[in-house]
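Contents: one structure, followed by commentary.
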Amino acid sequence: MSDIVRTRIAPSPTGDPHVGTAYAALFNYAFARRHGGRFILRIEDTDRVRSNRPSEAMIFDALHWLGLSWDEGPDVGGPCGPYRQSERGELYREHVERLVAAGHAYPCFCTKDRLDGVRAGQQAAGAATLGYDGFCRSIPPVEAARRRRDESHVIRLAMPREGQCVVRDLLRGDITFEYAGIDDQVLLKSDGFPTYHLANVVDDHLMEITHVIRAEEWLSSLPKHAQLYHAFGWDPPVFCHLPLLRNADRSKISKRKNPVSLNYYRRAGFLPEALLNYLALMGWAMPDEREEFTLAEFAEALELERITLGGPIFDLEKLSWLNGKYLRGLPSEGLLERLRSGLLSDGYLLQVIPLVQERIEKLEDFVDYARFFFVGEVAYDAEALKKLVPKGRTPRDTAKTLKELLEEHLDALLDWQPAVLEGILRSFCERTGWSPNEAFMTLRVAVTGRPASPPLFDTMAVLGKEVCRQRIRRAQEIVKSMKTPETRPLT
RNA sequence: GCCCCCAUCGUCUAGCGGUUAGGACAUCGGCUUUUCAAGCCGAGAACAUGGGUUCGACUCCCAUUGGGGGUGCCA
């Protein structure tokens with residue numbers, strides 16, 4: 001094991017850059033700095049369906065914005081590259097073969113149908129433990145090797161079947177699991193790509209990671225990871241599972257209940273240093289209880305052992321207060337600079353101006369007309385409220401439609417461009433039976449707060465995904481709380 | 001269901017066997033201010049419950065309850 005501390009953040013590029021990624025990155029970054037070590041960025045893009053380059057670019061961008069720089073990574077290189085798992089396929093296949101040869105892993109030919117059947121059977125029988133039943137583990141190696149040549153298969157880790165496994169977490173101490181409750185995890189998928197478990201362990205070892213500081217959701221797969229280190233004959237790193245950031249209802253933080261995209265915080269005008277400072281307050285307190293401190297001060301003071309374990313609720317209100325303190329502490333020129341690099345940048349203004357230009361008569365009209373391009377939430381006046389729900393539609397129906405549009409079509413959209421939006425919205429109309437007239441007006445009001453605006457798709461594109469999301473969700477809530485008018489029978 | 005983790009004000013937390021249980025956000029008062037913010041001062045607000053251990057438990061142990069996570073060819 002390396003004698004210099006090496007930590008890493010290993011995000012999956014499968015959507016908008018997540019606040020949880022920033023949280024884990026912050027602690028990994030600070031811990032590495034504290035010990036004069038190195039902080040590595042590794043892209044875990046082994047999910048071929050969900051991973052994509054735009055998401056990866058957004059992760060780089062968001063972390064740069066926050067000021068969390070890495071010493072090694074896909075974009076800066078380093079001695080342990082490549083740092084993108086999709087480029088390390090050969091490495092994983094070699095390693096998995098070592099495991100198969102040593103009997104620590106085996107090919108599994110079970111079909112999805114059989115697996116589903118097994119699961120259903122277990123559930124019906126009220127089995128104590130759910131999971132793979134080890135069916136293919138008893139296939140003689142010679143036969144298995146022969147079948148591998150032309151049958152679709154995965155490679156599974158052969159876990160011990162009885163006894164106990166003791167793993168150590170830096171914050172929680174020794175944790176005991178019964179092997180009987182842990183099934184044989186897939187290591188290599190049938191498409192030849194590794195699963196998280198394999199890729200993660202192989203890479204952490206090869207990249208000489210000394211401290212794995214990651215979210216608590218990984219704690220229950222720690223025995224599988226420990227078994228992998230054992231099977232490879234490697235010394236495991238120190239594991240430190242951070243508490244999970246929570247919604248107000250204490251569930252794991254999610255976009256349904258909180259803004260989780262770092263793009264949101266950036267667009268809303270949170271200062272990166274304030275966001276980082278706030279994140280550092282989650283599960284951590286300075287020895288002197290000071291609440292305002294810089295990244296450098298955090299890095300100087302961080303002791304992992306002091307991390308608190310109750311899952312902290314992410315409180316936008318306190319973040320906003322802290323951000324306000326940072327903002328007020330800026331010299332005027334500093335604030336000007338921040339405005340000029342965001343909402344009042346030439347780049348943004350030049351996007352807004354073409355949409356507004358033909359609709360104003362005096363320069364001063366600009367501010368009023370373009371207002372919704374610069375504020376966070378829009379207010380809905382009585383007239384807007386009336387048009388939020390199309391004639392002949394109920395509030396209930398409208399709320400449901402907005403929710404569906406958001407969660408099933410807009411949330412996953414990365415390429416937030418006018419033409420793409422138009423395509424999505426038009427096909428959404430066809431599918432749901434909403435006329436474009438109805439849907440577009442509802443959306444226009446939701447997103448701009450007004451029944452009259454520049455062209456909808458251009459407007460949405462300029463506003464950006466985060467703002468649109470936020471406003472549509474707000475509109476949905478408002479509509480949902482509206483009473484459905486009594487339908488009076490015609491007399 | 002099963003496995004694992006967790007448990008101090010509404011929220012973030014300090015505490016590490018002996019404290020009037022401290023700070024911050026939020027809330028509510030007051031001061032300041034032409035107003036609104038900001039700022040300052042103040043108030044209310046917590047050790048989940050039950051057993052142990054101990055001269056003494058918020059602190060240690062056990063149970064209960066509650067919360068969370070996991071249980072995928074997602075990470």
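The values are calculated or read from the model by the stated rules, or taken from the named source; none is laboratory data. The shown structure was predicted, so the numbers you read here are calculated from the model rather than taken from an experiment. Cβ atoms come from the backbone with ideal geometry, glycine included; neighbour counts cover every protein chain shown.
Here A:Thr294 clears all of (1) assigned by TED's automatic domain parsing to the domain that holds A:Thr176; (2) more than 14 Å from RNA strand B (Cβ to nearest atom) except the condition numbered (1). Would you check which residues across region A:168-183 are more than 27 Å from the chain's Cα centre (by Cα) and more than 9 Å from RNA strand B (Cβ to nearest atom) and list them? Within region A:168-183, A:Tyr179 is the sole residue that qualifies. One residue stands out among those in region A:5-23 that are touching a strand residue (DSSP E or B) at 6+ places or on another chain (Cβ under 7 Å) and among the aliphatic types (A, V, I, L, M): the one that is surrounded by the fewest Cβ atoms within 10 Å (Cβ to Cβ), which is A:Val5. No other residue among A:Ser251, A:Ser190 is hydroxyl-bearing (Ser, Thr, Tyr), within 15 Å of RNA strand B (Cβ to nearest atom) and in the same structural domain as A:Gly77 (by TED's automatic domain parsing) apart from A:Ser251. When A:Ser55, A:Ser51 are checked against the criterion of being in contact (Cβ under 8 Å) with a residue 12 or more places away in the chain, touching a Ser or Thr at 6+ places or on another chain (Cβ under 7 Å) and more than 9 Å from RNA strand B (Cβ to nearest atom), a single residue qualifies: A:Ser55. Any residue at all in region A:262-280 that is near RNA strand B (Cβ under 9 Å from one of its atoms), at pLDDT 95 or above, of a type in the set (A, V, I, L, M) and out of contact with any strand residue (DSSP E or B) (no Cβ under 7 Å at 6 or more places or on another chain)? Within region A:262-280, none of the residues are near RNA strand B (Cβ under 9 Å from one of its atoms), at pLDDT 95 or above, of a type in the set (A, V, I, L, M) and out of contact with any strand residue (DSSP E or B) (no Cβ under 7 Å at 6 or more places or on another chain). The combined condition, being modelled with pLDDT under 95, more than 22 Å from A:Gly77 (Cα to Cα) and either among the small types (Gly, Ala, Ser) or more than 12 Å from RNA strand B (Cβ to nearest atom) (or both), is not fulfilled by A:Gly233.
Conditions tested, residue by residue: (1) farther than 30 Å from A:Ala158 by Cβ; (2) surrounded by fewer than 19 Cβ atoms within 10 Å (Cβ to Cβ); (3) β-branched (Val, Ile, Thr); (4) in contact (Cβ under 8 Å) with a residue 12 or more places away in the chain.
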site	(1), (2), (3), (4)
A:Ala226	no, yes, no, yes
A:His230	no, yes, no, no
A:Arg246	yes, no, no, yes
A:Phe270	yes, no, no, yes
A:Pro287	yes, yes, no, yes
A:Ala301	yes, yes, no, yes
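Restricting attention to region A:328-368 and to residues that are farther than 21 Å from A:Ala452 by Cα, of a type in the set (A, V, I, L, M) and in contact with a helix residue (DSSP H, G or I) (Cβ under 9 Å, 6 or more places away or on another chain), the residue that is surrounded by the most Cβ atoms within 10 Å (Cβ to Cβ) turns out to be A:Leu343. Considered as a group, the residues in region A:299-327 that are touching a helix residue (DSSP H, G or I) at 6+ places or on another chain (Cβ under 9 Å) and farther than 23 Å from A:Val260 by Cα include one that is nearest to RNA strand B (Cβ to nearest atom), and that residue is A:Glu303.
For region A:108-161, name all the residues that are in a loop (DSSP other than H, G, I, E, B), closer than 25 Å to A:Glu178 by Cβ, of a type in the set (A, V, I, L, M, F, W, C) and within 9 Å of RNA strand B (Cβ to nearest atom). Scanning region A:108-161 gives A:Cys110, A:Ala127, A:Ala128, A:Leu130.
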